[in-house]
Amino acid sequence: MPHAPTGSVERTITLPATAAAPQSARRHVAGMPGMGGRLGYEALLLTSELVTFFLEGVEPDPSASLRLTVRSGEGGARVTLAGPAAEKAVASALHSRETPSSGGFGLRIVDRTADRWGAQRGDGLVLWFELSS
């Protein structure tokens, strides 16, 4: 089960499912305490990849939203993104042999960079990753 960094600060925002979502998400992550150096760089990169994965599965729709929660603390950071279920399955996108423009390449970056990451389906899809500082 995912865990929170010790001494953590948590903030959540709602993003419209539009082309502006990755930039807004990065701005939110960058504004969190302790997001400097390698941790900050990797958190920004992986957040962009998760948002992009969601956006590939939906038409740009300002009425649809993504919920981004960032927790940062002494031990690192945890980022969670929830939204509408992507048409593409996470596992098939991750293991796709198709060209990067066909999708899934970003999840490979998450898989190789994050200390831990995962996905849960329910009413929608929740993707998360953890990075150690």
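Read-outs throughout are calculated quantities, based only on the coordinates presented, and are distinct from any laboratory measurement. No experiment lies behind these values; they were computed from the predicted model shown. Please note: Cβ atoms are built from the backbone with ideal geometry, for glycine as well, and neighbour counts cover all protein chains shown.
Amide H to amide H, with H built 1.01 Å from N, residue 85 comes under 5 Å of 125, counting only residues 5 or more places away or on other chains.
Counted residue by residue at 0.36 nm each, then reduced by the alpha carbon distance between them, the extension gain from residue 30 to residue 45 reaches 4.3 nm. Residue 116 sits among other residues whose Cβ lies under 11 Å from its own Cβ, and their net charge, with Lys and Arg +1 and Asp and Glu -1, is -2.
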